[in-house]
Amino acid sequence: MITHRPHGIEHPYATSPDQRVPVLPLAGEPVRLGVVASPGITSVVCEWGTTTLEMAPARATAADAAALAGGEGHLSEAQAKSLGSDDGWSVVTPPVLEPVRYRFRAGDETTEWFELAPATWMPDRGEVRGGGDRVRGVEWLVSADGVHRARFELPLRPGDHLVGFGERYDHLDQRGQQLDAVVFEQYKAQGAHGRTYLPMPFAHVVNGGWGFHVRTSRRTWFSSDDRSLKVEVALGDEPVVDLAVYEGSPTEVLTAFLDEAGRAEELPDWVFRLWASGNEWNTQDLVMARMDAHRDLDIPVGAVVIEAWSDEEGITIWRDAQYDVTTDGSAHKANDFSYPADGAWPSPKTMIDELHDRDIKVILWQIPLQKSEFSTGQVAADADAMIRERHAVLEGDGTAYHNRGWWFPQALMPDLSVQRTRDWWTEKRRYLVEDLDVDGFKTDGGEHAWGHDLRYADGRLGDEGNNLFPVHYARAFGDLLRSAGKAPVTFSRAGFTGSQAHGIFWAGDEDSTWEAFRSSITAGLTAASCGIVYWGWDLAGFSGPVPDAELYLRATAASAFLPIMQYHSEFNHHRRPLRDRTPWHVAETTGDDRVVPIFRAYAVLREKLVPYLAAQAARTIATDRPLLRPLFFDHADDQEIWRHPYQYLLGDDLLVNPVLEPGATTWTTYLPSGTWYDAWTGGSVPSGRVTRDVPLDTIPVYSRTPGWNLTRGVVPEVPS
């Protein structure tokens, strides 16, 4: 058997052994053709037009392996295997000068014929709508099959800065960088790879006094130099680019963008309290033990995220629950289940009620995939119903799409582009909200749609619909919560333009390193620049060995001054030493007795900050001035701020400068012009560069108004 797929598995940053590279070559460019052949085949040839090309054994390249690098962690091995094949063959063709047909032959077996038409960049083959005189050098990528892409330039001045493009981990200012906008699960080290779960083809041109949005959900590419920003856009059936250019201050630009994309709605005050979770808290006893420890150590906690509550097959039923299978795949009610006393979750309702009595909200983990490898049981019935009732995303040939990624491989994906499937998918979770009183959902994942020709029920193909999948996903669970009288508290890592209107976001998977700490702060600032209001990260990282006390406490301090404060730890197969990021476990692991009291102090301070954060979030939603605010929103004309890219405003009154290097005893902050006060002491501070001591329990925080004294726990009421 010989397999060749011109697009391969459509990993956006790596090629598979059965792929054509590039998929669409420029005229005069050779291509590398790959196939996967059955074991035992000793010779494969490519019939390239009238020429026969001998193929050689091949495996995934080092560059492809690097595209999957994630370091140590429970998904690393799965990623490493996702492209590998010992049965690959490849050949590099002569330059492609005109349309050509090709196929592959091994012995008596041949594949179908494939067509390839090279492309050329040409002028005057389409239309850029919008942008006016700013748009220059427009070209169109044209082949015998049609117009595939557009590219053009937007002029930049020497002092302009580019900020936005969704959540970005590598730089606040993207001037001089190359990047693209495609939703992708980069497992850790996002900053090193320049990839993101949450892209948007939108950016501010700071100092230039404008911004832009490429109104598309297809993939876009961006690069810039000392003269211009170069934009490339994948096209659909029509050779048209829809470009919005917004004039004005950063806030005016963001307002114009959010008028199109949608904006956040106010969430309840409790979301600003401490969130706690660990992937291995996989029993009722463990969850309650962790919450008991919070209580006993006087560390306030506002929400617990329970990840490992289900069988992780359908993500609808508590593990060990006893019930009858609904063979038609219909939803269960709460009274359909019983829970053995010696099971993992002997009484979920009792647990949730008790947590609520302690003023702790409950968030349950979700993934937008349905395992399909089972032949019996509820998960099999649900998978059958998903295909039978056409609730699954489809391949181009009309068969059900099976996840091509490394996490939940081969799982079905619900087509959440339409209401009927959003209702069908969430109805299975309704009893969790209406009967068990769950308060929200961690809408994890959402990056699993790979394929330009996937078919969605709303009429879009994959090239247009894949980036929108996480938007539909968070929307579906927000609507479920609203329908049950709850606030739409979803907690997502993936998204795209339009995600602003759907819940809370966190920065995704990261190691416990100082580099990841810095990258995560950058991610929050760039996401906020694009209208994401409720944002946080796994403080001090969630993967790898437990962080040292210094990193953990510096991260705790920073997180106390971010919109969402939460800790989390990765699945480690319950191997010892445990990797919980609870403060008492970090203290025990590191042997540092400062951890618990300093963490407690910040958790208590966070409680005092809740009214300020809630009022400032409301103000953000009313004015579009970000809650987590890069300094250029208030001080765009001050060039010094760009030398301090990790400083930020938290609401209108606080300027925060996290300590991001180990061993620091002093830390320098740049205070733009105006009146400032040290928020720890209440003393006035001159503008300009200010250096202060930073013992382990202190993060530099300055206020615009008097009355703050964080040392004494004094948080004044700042007008909203």
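The values are calculated or read from the model by the stated rules, or taken from the named source; none is laboratory data. None of the values given here were measured: they were computed from a predicted structure. Cβ sites come from the backbone with ideal geometry, for glycine too, and all protein chains shown count toward neighbours.
Would you confirm whether any residue within region 71-93 is modelled with pLDDT of 95 or more and surrounded by fewer than 16 Cβ atoms within 10 Å (Cβ to Cβ)? Looking for residues that are modelled with pLDDT of 95 or more and surrounded by fewer than 16 Cβ atoms within 10 Å (Cβ to Cβ), one finds at least one in region 71-93, hence yes. Evaluation of Asp292 against the conditions (1) crowded, with 18+ Cβ neighbours inside 10 Å; (2) in the same structural domain as Phe491 (by TED's automatic domain parsing); (3) of a type in the set (D, E, K, R) shows that the sole unmet condition is (1).
Scanning region 491-512 for residues that are small (Gly, Ala, Ser) and crowded, with 24+ Cβ neighbours inside 10 Å gives Ser492, Ala494, Gly495, Ser499, Gly503, Ala507, Gly508, Ser512. Out of region 416-469, which residues are in a loop (DSSP other than H, G, I, E, B), closer than 20 Å to Ala303 by Cα and in contact with a Pro (Cβ under 8 Å, 6 or more places away or on another chain)? If the condition is that a residue be in a loop (DSSP other than H, G, I, E, B), closer than 20 Å to Ala303 by Cα and in contact with a Pro (Cβ under 8 Å, 6 or more places away or on another chain), then Leu436 is the only one that fits.
Annotation note: of Pro488, Pro470, the sole residue that is surrounded by 23 or more Cβ atoms within 10 Å (Cβ to Cβ) and of a type outside the set (A, V, I, L, M, F, W, C) is Pro470.
Just one residue in the set Trp676, Trp667, Trp708, Trp680 is more than 21 Å from Ser559 (Cβ to Cβ) and not assigned by TED's automatic domain parsing to the domain that holds Phe517; that residue is Trp676. The one condition from (1) at pLDDT 95 or above; (2) under 24 Å from the mean Cα position of the chain (by Cα) that Glu252 does not meet is (2).
Please report, ordered by residue number, the helices (runs of 4 or more DSSP H) entirely within region 503-592 with at least 3 residues that are under 14 Å from the mean Cα position of the chain (by Cα) and closer than 30 Å to Arg475 by Cβ. Ranges flagged: 514-529. Scanning region 156-207 for residues that are over 22 Å from Gly445 (Cβ atoms) and β-branched (Val, Ile, Thr) returns Val163, Val205, Val206.
Comparison of Val245, Val240 shows that the only residue that is surrounded by fewer than 20 Cβ atoms within 10 Å (Cβ to Cβ), more than 23 Å from Gly495 (Cα to Cα) and of a type in the set (Val, Ile, Thr) is Val240. Note on region 591-616: among residues that are basic (Lys, Arg) and within 30 Å of Arg704 (Cα to Cα), the one that is surrounded by the fewest Cβ atoms within 10 Å (Cβ to Cβ) is Lys608. Selection within region 331-359: residues that are within 16 Å of Asp292 (Cβ to Cβ) and in contact with a Phe, Trp or Tyr (Cβ under 9 Å, 6 or more places away or on another chain). The member of this set that is surrounded by the fewest Cβ atoms within 10 Å (Cβ to Cβ) is Asp359. Within region 97-107, the presence of at least one residue that is surrounded by fewer than 16 Cβ atoms within 10 Å (Cβ to Cβ) and at pLDDT below 95 is confirmed.
Residues that are without any contact (Cβ under 8 Å) to a residue 24 or more places away in the chain and crowded, with 23+ Cβ neighbours inside 10 Å within region 560-590 are absent altogether. No other residue among Val36, Val23 is closer than 30 Å to Ala189 by Cα and modelled with pLDDT of 95 or more apart from Val23. In region 10-63, counting only strands (runs of 3 or more DSSP E) that sit wholly within it, the ones holding 2 or more residues that are surrounded by 17 or more Cβ atoms within 10 Å (Cβ to Cβ) span 32-37, 45-48.
None of Gly688, Gly682 is crowded, with 16+ Cβ neighbours inside 10 Å, small (Gly, Ala, Ser) and more than 27 Å from Asp548 (Cα to Cα) except Gly682. Elements of the type strands (runs of 3 or more DSSP E) sitting completely within region 86-138 and holding at least 1 residues that are in contact with a His (Cβ under 9 Å, 6 or more places away or on another chain) and either of a type in the set (Val, Ile, Thr) or in contact (Cβ under 8 Å) with a residue 40 or more places away in the chain (or both): these cover 100-106, 114-116. Residues in region 16-37 that are within 13 Å of Thr3 (Cβ to Cβ) and in contact (Cβ under 8 Å) with a residue 60 or more places away in the chain: Ser16, Pro17, Asp18, Arg20, Leu33, Val35, Ala37. Please determine whether any residue of region 626-645 is free of Cβ contacts under 8 Å to residues at least 24 places away in the same chain and either assigned to a helix (DSSP H, G or I) or assigned by TED's automatic domain parsing to the domain that holds Val163 (or both). Among the residues of region 626-645, not one is free of Cβ contacts under 8 Å to residues at least 24 places away in the same chain and either assigned to a helix (DSSP H, G or I) or assigned by TED's automatic domain parsing to the domain that holds Val163 (or both), which makes the answer no. Can you tell me which residues in region 377-408 are among the hydrophobic types (A, V, I, L, M, F, W, C) and in contact (Cβ under 8 Å) with a residue 60 or more places away in the chain? Across region 377-408, the qualifying residues are Val379, Val393, Leu394, Trp406, Trp407.
One residue stands out in region 383-395 among those that are under 26 Å from the mean Cα position of the chain (by Cα) and part of a loop (DSSP other than H, G, I, E, B): the one that is farthest from Arg5 (Cα to Cα), namely His391.
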